Amino acid sequence: MSIAGIVSTTQYLTFKLDDEVYALDITKVREVLDVTTITKVPRTPEFMRGVINLRGSVVPVVDLRLKFGMKKTEKTVNTCINIVEVTVDGDTIILGALADSVQEVVELGSDNVEPAPKIGTRLRTEFIKGMARQNDRFIIILDIDKVFSLDELAMVQTSQSEIAAETTAGGRRRS
């Protein structure tokens with residue numbers, strides 16, 4: 001229920017991909033890591049860069065730049081991995097999302113956020129929650145639960161499960 005004069009605000013983690021600023025609801029972000037060794041997994045989509053070991057857990061790492069049709073993320077001093085929770089069909093999947101750099105945590109009120117632009121019927125924009133204007137720039141607010149299709153996430157989960165099974169069975173993966 002909305003009360004007149006009260007505006008809800010949400011905190012977002014902002015990060016850059018190329019020259020654009022994106023944001024994720026802070027409640028979906030577990031942590032931000034420096035880039036570490038990523039082990040490539042065979043027969044996965046190009047945007048899935050591989051997996052990392054996060055305190056004993058196998059975590060898939062995706063390249064949002066590739067997913068959004070940009071050039072592959074190149075490792076720099078600012079490149080990082082945002083560890084996020086993605087919810088699909090009631091299941092929560094932990095995955096890492098490569099970003100060129102993390103910017104800051106910002107609070108955005110609902111009055112500062114516009115709906116995702118309608119760009120015709122051929123371009124998918126359902127993964128964009130909205131657009132916020134901050135100073136002289138736009139922030140593209142992502143709905144991380146809708147960035148990947150069910151099939152893509154199923155593939156990520158299968159790869160993650162296979163690697164975890166190999167690791168617990170004593171097998172060693174080659175990087």
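The values are calculated or read from the model by the stated rules, or taken from the named source; none is laboratory data. These numbers come from a predicted model, not from an experiment. Every residue, glycine among them, receives a Cβ derived from its backbone with ideal geometry; neighbour counts consider all protein chains shown.
For the reader, a short list of remarks on this structure follows.
- Residue satisfying all of: in the range 36-79; in contact with a helix residue (DSSP H, G or I) (Cβ under 7 Å, 6 or more places away or on another chain) and within 22 Å of T14 (Cα to Cα); surrounded by the fewest Cβ atoms within 10 Å (Cβ to Cβ) among these: K71
- Taken over the range 18-29, the criterion of being surrounded by fewer than 15 Cβ atoms within 10 Å (Cβ to Cβ) and closer than 9 Å to V84 by Cβ is satisfied by no residue.
- V35 vs. criteria touching a Cys at 6+ places or on another chain (Cβ under 8 Å) and at pLDDT below 95: yes
- Scope the range 35-61; condition at negative phi, touching a strand residue (DSSP E or B) at 6+ places or on another chain (Cβ under 6 Å) and not aliphatic (A, V, I, L, M); matching residues: T36, T39, K40, F47, R49, P60
- When residues of the range 80-90 are limited to those that are more than 11 Å from the chain's Cα centre (by Cα) and in contact (Cβ under 8 Å) with a residue 12 or more places away in the chain, the one surrounded by the fewest Cβ atoms within 10 Å (Cβ to Cβ): D89
- Of V21, V77, all but one fail to be hydrophobic (A, V, I, L, M, F, W, C) and in contact (Cβ under 8 Å) with a residue 60 or more places away in the chain; the exception is V21.
- Scan of the range 91-113 for residues that are crowded, with 19+ Cβ neighbours inside 10 Å, farther than 16 Å from Y12 by Cβ and out of contact with any Phe, Trp or Tyr (no Cβ under 8 Å at 6 or more places or on another chain), ordered by number: L95, G96, L98
- Filter result (part of a helix (DSSP H, G or I) and either among the basic types (K, R) or farther than 17 Å from A23 by Cβ (or both)) within the range 39-88: R65, L66, K67
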